[in-house]
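The values are calculated or read from the model by the stated rules, or taken from the named source; none is laboratory data. Treat the numbers as computed from the prediction; the structure is a model and nothing was measured. Note: ideal-geometry Cβ built from the backbone for every residue, glycine included; neighbour counts use all protein chains shown.
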Amino acid sequence: MNLIQMWGYCAEGKHRLLVYEYMENGSLAQNLSSNTLDWSKRYNIALGTARVLAYLHEECLEWILHCDIKPQNILLDANYQPKVADFGLSKLLKRGNKLSNSSISMIRGTR
C-alpha cells in the first residue's frame, strides 16, 4: 500500500515526536523539475497515488478524506514508489451518512 508507515512515537511532557519510514528520494515537489523523473516514473507515481486515494475513499471501513494532497505530501522511496503522507487535515466520515456536495466542498487543504 502506498501509505507512509508510522514506526513509532514519543510523548514526553509538552514534546511530541512521530517516527515515520525514511523516504530516500524526498517529496514529489522536490523531484518534479529534475531529470530523475522520466515519464514512466511519473506515470507510476500518479497511478500509485490514485490507487491509495481510491483505497482511502472506497475500501476503508470509514471514508478517509486526506484534504491535503499536494506534491509536498507525496513522498518517494528508493524505487520512486509514492507514499502519501501528512494526514493532519484528514477527515473520517461514516459510510452510511448522506452528505451534500456543499458540506464536502467546505473541506479544504493547504497550498
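For segment 41-71, a residue qualifies if it is surrounded by fewer than 15 Cβ atoms within 10 Å (Cβ to Cβ), without any contact (Cβ under 8 Å) to a residue 40 or more places away in the chain, part of a helix (DSSP H, G or I) and out of contact with any Phe, Trp or Tyr (no Cβ under 7 Å at 6 or more places or on another chain), and the qualifying residues are Arg42, Tyr43, Ala46, Leu47, Ala50, Ala54, Glu58, Glu59. Scanning segment 2-25 for residues that are outside any strand (DSSP E or B) and either loosely packed, with under 12 Cβ neighbours inside 10 Å or of a type in the set (S, T, N, Q) (or both) returns Asn2, Gln5, Gly13, Lys14, Tyr22, Glu24, Asn25. The set of residues from segment 72-94 being within 14 Å of Asn25 (Cβ to Cβ), out of contact with any helix residue (DSSP H, G or I) (no Cβ under 7 Å at 6 or more places or on another chain) and assigned to a loop (DSSP other than H, G, I, E, B) comprises Asp77, Ala78, Asn79. If you scan segment 30-64, which residues turn out to be touching a strand residue (DSSP E or B) at 6+ places or on another chain (Cβ under 7 Å) and modelled with pLDDT of 90 or more? Asn31, Ile45, Gly48, Thr49, Val52, listed by residue number. Considering only residues in segment 72-111 that are of a type in the set (S, T, N, Q) and at pLDDT below 85, the one that is surrounded by the most Cβ atoms within 10 Å (Cβ to Cβ) turns out to be Ser90. From the set of residues in segment 1-44 that are out of contact with any helix residue (DSSP H, G or I) (no Cβ under 6 Å at 6 or more places or on another chain) and among the small types (Gly, Ala, Ser), which is farthest from Asp77 (Cα to Cα)? Applying the filter and picking the extreme gives Gly13.
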